[in-house]
Amino acid sequence: MKKTTKICIFPLIIMGFVLILTNSCKKKDDNNNNTTLTGQVPVLTTPNSGCDCDCGDRGWIPLNSKIQVNKNNSISIQAPTGWIYIGYKKGTTQLLKATSGGTSVSCTCNTTGSCLPFTGTGPGGSTSGCAGNCTNCTMTQSAIIGGTNVNFESGGYINIADRVDFANKDIPLPAAFKAMFDLPEVKKALKDFIDKTYAGLPFPKVTQGNDFISVPDGYSLAAVSIFGRAAMVPVPTISLKTTAAAGGGTASCSCTQGTCTLESTTIPFIGSASYCTGSCSGTCTLSSGAIIANGVVDALYSAISFRF
């Protein structure tokens, strides 16, 4: 399914140093990064000799986080109060929660050369990733939980001090992710939001397509902020009229390189929320919009998905 709008991520190397990436990464010089930085970020000396920047393996960092560059060239992230990290333990579906909001990012080159962490601008915060003169670089997100260092398969930050409400169409948010919907607090808050929004109205029949979902007339797939992450939730269209929210009759996921697909978490007899999953090595975008003609979608709200 094609879209009339696209969103790109342009890495900004902190402390004024720009990593020049090839292939699927682009550069952008922008010093408006609200992350607090400590130490000197590792800078590649031969960035043009090859790059496996693993754009699909990037992470999202909350606004006003503190970042410390460590002696082993990893970076430590301390999110502001209220933010916690939720994810699956590496190689498993075991849900782990770093309630301190502290995580680390490291990069390992599996071939010759080297790759190092970087941070850049992102929706409502910053992004993290790996780049360098390495043809096979692995990004690892980890945290100390119960005194033990654990690596994550995937996950992300959520603001547990926030709430569930319609997302403002003018404020960008990172997309929701699978692991967060396994958290009881998220399930309850989403249920309460849906109960309040529907106010006794029936839940619509959602049509599942190959790479999209749609709802009938009278309903919209609205962008909803769930603890600071955007998901698409079917709601009565009338509920959008008194908010700054946006939503259309269809929701989908698109990838600039590779694939990402739309998945939904369902609360029986209550409702659902949709997000993206997959192996996108470019930029994976979750969108809600209206079909114009011939399958072309006018995206009314879009959110970038991150592995970490």
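The values are calculated or read from the model by the stated rules, or taken from the named source; none is laboratory data. A quick note: this is a predicted structure, and the numbers were derived from the prediction, not measured. Positions of Cβ are backbone-derived with ideal geometry, glycine not excepted, and every protein chain shown enters the neighbour counts.
Looking for whichever is under 27 Å from Thr93 (Cβ atoms) and touching a residue at least 60 places away in the same chain (Cβ under 8 Å) here; the options are Ala131, Ala161. Which one fits?
Working: Ala131 fails: under 27 Å from Thr93 (Cβ atoms).
The conditions single out Ala161.
Of all strands (runs of 3 or more DSSP E) completely enclosed by region 146-249, which ones contain at least 1 residues that are closer than 25 Å to Pro62 by Cα and aromatic (Phe, Trp, Tyr)?
The qualifying strands (runs of 3 or more DSSP E) are 148-159, 164-166.
So is Ser220 buried (at least 19 other Cβ atoms within 10 Å of the Cβ), among the polar types (S, T, N, Q), in contact (Cβ under 8 Å) with a residue 60 or more places away in the chain and within 13 Å of Asp165 (Cα to Cα) or not? First the steps, then the outcome.
Working: buried (at least 19 other Cβ atoms within 10 Å of the Cβ): yes; among the polar types (S, T, N, Q): yes; in contact (Cβ under 8 Å) with a residue 60 or more places away in the chain: yes; within 13 Å of Asp165 (Cα to Cα): no.
So Ser220 does not fit the description; no.
For region 93-105, give me each residue that is surrounded by fewer than 19 Cβ atoms within 10 Å (Cβ to Cβ), over 30 Å from Lys169 (Cα atoms) and touching a strand residue (DSSP E or B) at 6+ places or on another chain (Cβ under 7 Å).
Gln94, Leu95
Pick from region 256-283 the residues that are within 21 Å of Ser305 (Cβ to Cβ), surrounded by fewer than 21 Cβ atoms within 10 Å (Cβ to Cβ) and of a type outside the set (Ser, Thr, Tyr): which of them is modelled with the highest pLDDT?
Glu263
Given the options Phe193, Phe181, name the one that is within 20 Å of Gly82 (Cβ to Cβ), crowded, with 17+ Cβ neighbours inside 10 Å and over 19 Å from the mean Cα position of the chain (by Cα).
On the way: Phe181 fails: over 19 Å from the mean Cα position of the chain (by Cα).
One residue alone meets the criteria, Phe193.
Output the residues belonging to region 284-296 that are modelled with pLDDT under 90 and either in a strand (DSSP E or B) or within 20 Å of the chain's Cα centre (by Cα) (or both).
Applying the first criterion (modelled with pLDDT under 90) to region 284-296 yields 289-296.
Residues satisfying the conditions are Gly289, Ala290, Ile291, Ile292, Ala293, Val296.
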